[in-house]
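A short write-up of the structure that comes next.
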Amino acid sequence: MTTPALSRVRAATPAPSIVALTALLVLATSSITRLGLLAWTANEVPWSLWPGIFARGLYFDLATLGFALPLVLLYQALLPNRLRRSQLHRLARVLWLWLLLAGALFIALAEATFWQEFSTRFNFIAVDYLIYTHEVIGNIRESYPLGWLLTAIVLLAGGLLRALRKHLASLDQRATNGHARLAMLAVAVLLPLLSYRIADLDQMRWSGNAFADELSGNGVFTFAAAARRNDLSYTRFYATLPQAQADAILANLGLRRTPLAASEQPPSTPMPATATPFRRPPKNLVLISVESLSARFLGRYGNNANLTPHLDRLAAQGLVFERVFATGTRTVRGLEALSLGIPPLPGQSVVRRPGNDHLLTLGGVLAQQGITPYFIYGGYGYFDNMNGYFRGNGYRVIDRTDFPAASIPYENIWGVADEALYDNALRQLDHDAANNQAFFAHVMTTSNHRPFTYPDGRIDIPSPGEREGAVKYTDYAIGRFIAQARAKPWFKDTLFVIVADHCSSVAGRVQLPVEKYHIPLILYAPDLLAAGVNDRLMSQIDIVPTLLDAMGSTGGDAFFGRSIWRTSANDERAFIANYQELGYLKHNVLTVLAPKQRVEAFAVDPLSYDSTPIAVDPTLRDEAIAWYQTSAVAFSQGALRFPASAEPITP
């Protein structure tokens, strides 16, 4: 028999059922997602780390739940008791759970897709992709059967709710008193505050295995953290030195830029001329930055699949560089390095930052000497602010919107087929040459990108050909372009530079796997330059001053990069980074700077590029800090801008 007192106790008891069910569904889908991603990468993760992955994963799932539950708690706290048995409330409850399940399933699918491409949880790339929804959604539609996948999500979410219908019918039947409502409101406020204060993205770094670290995270949590960290202040989050000490270190390493801590600019001394392997300086320059072209795809760098016969032939006839490393993992990082010649800043690329106009760039220096600079892109240049950046720095911009429709045999969401890009570039270069105008064309490709589609009949791998087909088509288009250029009267006076913007993947067992930053670099000018091989360690930022030396131009000493022909073997170094870890590779040691002033070091095998943790070398640590700190501070203080008296007129 139920007494009145017992009835009052039951009536005063909060009704947490919908809250508990929400928590259960979130934790279950997060754990299943983690298990699926782990199965995908099982060979890269030792069994001994599996318990830690799920234990730490539960921690991050609970932290994420701290931001998901307040909405349900607020609803429960504000819902009048008279509506708890109403049809409206039952419909609202079913709709909420259906949206929750469908959303969780969609996020799981999105995480699987992102993991396939990057082998990480959502990060700053996912944040950037959310901004450019046209390209990203188009890419997904062209790469996957999106309609079928969304239909499956809707049906699966509905099926799961139907299986739970008996449990749903009994939810929220009890009345809630004022004390319980206040308690739920308090918990709704405290949960997100606790999650924000206690859980931190850096707690994912625990195992020494990058795959295990990423698997222990939660995609929603990492996405939110990346959004907050998209613009990281170097001086706030990283190890620092007094700027005067950093300036002295860089001066001892041969950097000729004006020291940041100097009270006044020292007298300018021209950089002495240096010997290069060129018979005479080129009149024109064509710099092709190829989308996602890892060195491992080329036969010249050891690939046996014959994916790059044209590039391999150009490498044999040109000057090929064996050990060049990209600075980052995004196209905007490659464009930053190939125009500004600076070590990568933590957070977002300069291409995407405010205040990135009127900077000292490769195109700007060449424009001073009467050479017209172009940025020619096969996609829509508003993506990643490419058009805005290059226009703001004196380049003439040409993108797919400027190409005649008749010149485009094929296009996908990312851009026109590379052959169409080159045809339109040739049209502009022919025009300039006919008017006796020297040119510098920075040409950025798109075909070596998912969905990996291209015109039929060009290569022996039908479209879509996945990565291998896209690489082979990219190679075909470059070979076709060079063959067409060879027939031009301006060919004999032109230097062609072929380099990647970044590699196709940076997944590895450490956060900065050195081999995944290894890119090709070929200088091709048979009338000007003998074939050869350069095996010096070189950074992508060194290409700018190296090309200025090749062109016989002044101004290379104003960049952070250094001409390969002006450095000794003892000074070789490279910079590799993701959006928060900053690597400095020198003497087969990778020194890594990370947020919270953390510094780590790894011994790097010179052949396999495998990394082994070692003690930090104080000298290399201070050099790494000096390079990264000074470049970050230089940008923030406006010290990367073109001197007003010397800035070229924008075309």
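Observations, loosely collected:
- Selection from the stretch 578-591 of residues that are hydrophobic (A, V, I, L, M, F, W, C) and surrounded by fewer than 24 Cβ atoms within 10 Å (Cβ to Cβ): Val589
- Per-region count, the stretch 516-535, residues out of contact with any Gly (no Cβ under 6 Å at 6 or more places or on another chain) and more than 16 Å from Phe321 (Cβ to Cβ): 3
- Test: Ala441 is among the small types (Gly, Ala, Ser), at pLDDT 95 or above and over 22 Å from Val365 (Cβ atoms): no
- The number of residues in the stretch 408-438 being within 26 Å of Ile140 (Cα to Cα), small (Gly, Ala, Ser) and either modelled with pLDDT of 95 or more or over 23 Å from the mean Cα position of the chain (by Cα) (or both) comes to 2.
- Residue list for the stretch 587-636, restricted to those being in contact with an Asp or Glu (Cβ under 7 Å, 6 or more places away or on another chain) and of a type in the set (D, E, K, R): Lys596
- From the options Thr151, Thr120, Thr64, residue that is outside the structural domain of Val332 (by TED's automatic domain parsing), under 30 Å from Pro451 (Cα atoms), assigned to a helix (DSSP H, G or I) and of a type in the set (Val, Ile, Thr): Thr151
- Selection within the stretch 530-557 - small (Gly, Ala, Ser) and crowded, with 22+ Cβ neighbours inside 10 Å: Ser539, Ala550, Gly556
- Qualifying residue in the stretch 613-633 (condition: outside any helix (DSSP H, G or I), without any contact (Cβ under 8 Å) to a residue 40 or more places away in the chain and over 22 Å from Gln243 (Cα atoms)): yes
- Test for Tyr410: is it in contact (Cβ under 8 Å) with a residue 40 or more places away in the chain, over 20 Å from Thr494 (Cα atoms) and out of contact with any Lys or Arg (no Cβ under 9 Å at 6 or more places or on another chain): yes
- Only listed residue being in a strand (DSSP E or B), in contact (Cβ under 8 Å) with a residue 40 or more places away in the chain and either of a type in the set (Val, Ile, Thr) or farther than 18 Å from Leu366 by Cβ (or both), chosen from Leu512, Leu521: Leu521
- At least 1 residues being at pLDDT 95 or above, surrounded by 13 or more Cβ atoms within 10 Å (Cβ to Cβ) and out of contact with any Asp or Glu (no Cβ under 7 Å at 6 or more places or on another chain) is the threshold, and among the helices (runs of 4 or more DSSP H) wholly inside the stretch 217-264 those reaching it are 243-252.
- In the set Gly363, Gly381, only one residue is in contact with a Pro (Cβ under 8 Å, 6 or more places away or on another chain) and in contact (Cβ under 8 Å) with a residue 12 or more places away in the chain; that residue is Gly363.
- Matching entry among Pro455, Pro409 (being surrounded by fewer than 18 Cβ atoms within 10 Å (Cβ to Cβ) and outside any helix (DSSP H, G or I)): Pro409
- Residues in the stretch 354-375 that are within 21 Å of the chain's Cα centre (by Cα) and buried (at least 17 other Cβ atoms within 10 Å of the Cβ): Asn356, Phe375.
- Residue match in the stretch 595-604 (condition: touching a Pro at 6+ places or on another chain (Cβ under 9 Å), closer than 29 Å to Gly355 by Cβ, in contact (Cβ under 8 Å) with a residue 40 or more places away in the chain and not assigned by TED's automatic domain parsing to the domain that holds Val332): yes
- Looking across the stretch 300-336, the residues that are part of a loop (DSSP other than H, G, I, E, B) and either of a type in the set (Gly, Ala, Ser) or within 29 Å of Asn588 (Cβ to Cβ) (or both) come down to Gly302, Asn303, Asn304, Ala305, Thr308, Gly318, Ala326, Thr327, Gly328, Thr329, Arg330.
- For the stretch 178-207, taking the residues that are more than 42 Å from the chain's Cα centre (by Cα) and exposed (fewer than 14 other Cβ atoms within 10 Å of the Cβ), the one that is modelled with the lowest pLDDT is identified as Gly178.
- Positions within the stretch 374-394 being under 19 Å from Met551 (Cβ atoms) and out of contact with any Ser or Thr (no Cβ under 8 Å at 6 or more places or on another chain), in sequence order: Tyr374, Phe375, Ile376
The values are calculated or read from the model by the stated rules, or taken from the named source; none is laboratory data. In this text, all values refer to a predicted model and were calculated from it rather than measured experimentally. Backbone-built Cβ (ideal geometry, glycine too); neighbour counts: all protein chains shown.
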